[in-house]
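Notes follow once the structure below has been shown.
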Amino acid sequence: MLTFLDNFRNLDFLSVIIKIVAVLVCGMAIGLERSAKNRPAGFRTHVLVCLGSAMAAMTGQYILLVLNLPTDITRISAQVITGLGFIGAGTILITKKQTIKGLTTAAGLWTTGIIGLAIGCGYYEIAVIGTILVLLVETLFAKLASKVTTNPEFAVEVVYNQKDSLDAVLRFCKDRRLSIVNLKIHTKDDETGALYSSGITLRGSASPEETIHRIRSMDGIVSCEMIW
């Protein structure tokens, strides 16, 4: 703990002003980085989340220490943490290719709220360290993550006339070390009888073209086409 900050950890006017300034600086630092990358939650959102969290923490302290009312000062902070989850969920998007975007921004928003709570409680040290670490994760770590190779995903639609055929397809995918990311099964009728259709999203190093060719040659398979 930095002792020279001890005079600014309470609820006097000067301490409140310093806390608000610290909140604005930390929220702006994280928000500007997100805005520069055109993320769903940018500059203003991060500042408001950080400011609101700090105000919630200070309000809890004020009710207990100034108004002398019986209360649990951690309850308001706990509700803030829960509410941040709903805000962060609004930044998460699922693309047409069933990939998820916005998780980093959502996690950053949640962490920014915690930073605001720390500042509101007067814990400036952890707030500054947290802000620096968030910026490192969202910049330096992003470059490291981009260098990590991941197996691509692809989706196929398999039409078959025997229920057991799907089990055979799934076993084949497992043997080929293909991860099944998503599976949707539908039933449809035509003139020849009942047909079953399954949309399967796969991830792995196997060639999509070869995988589709092998599935088409299996018993009970009517067709197998690549969706994306």
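Nothing in this text is a laboratory measurement; each read-out follows from the coordinates by a stated rule. Small disclaimer: the values here were computed from a predicted structure and weren't measured. Here the Cβ positions follow ideal geometry from the backbone for every residue, glycine too, while neighbour counts run over all protein chains shown.
Before moving on, here are some points about what is shown:
- Overall form of the stretch 20-87 per C-alpha gyration tensor (a/c, 1.5; a/b vs b/c): oblate
- Pairs of Cα atoms nearer than 8 Å and 6+ residues apart set the relative contact order; for the stretch 153-226 it is 47 percent.
- The ellipsoid that matches the Cα gyration tensor of the chain has semi-axes, each √(5λ) in whole angstrom, of 54, 19, 13, with the longest given first.
- Taking the chain as the region of interest, the number of lysine pairs whose Cα atoms are within less than 22 Å, with members eight or more places apart or on different chains, is 16.
- Residue order, fewest to most beta carbons within 10 Å, for MET218, MET28, MET55: MET218, MET28, MET55
- Highest-first arrangement of 78-88, 1-11, 29-39, 101-111, where packing means the average Cβ count within 10 Å: 101-111, 29-39, 78-88, 1-11
- Relative contact order (%) - criterion: Cα under 8 Å, at least six apart; region: the chain: 17 percent
- Among complete DSSP H helices in the chain, those whose alpha-carbon atoms stretch at least 18 Å along the helix's long axis and whose mean Kyte-Doolittle hydropathy reaches -1.0 are 13-36, 43-65, 73-89, 103-120, 124-146, 163-175.
- Debye intensity ratio I(q)/I(0), log10, the stretch 153-226, q values 0.15, 0.19, 0.22 Å⁻¹ (C-alpha model): -0.44, -0.69, -0.93
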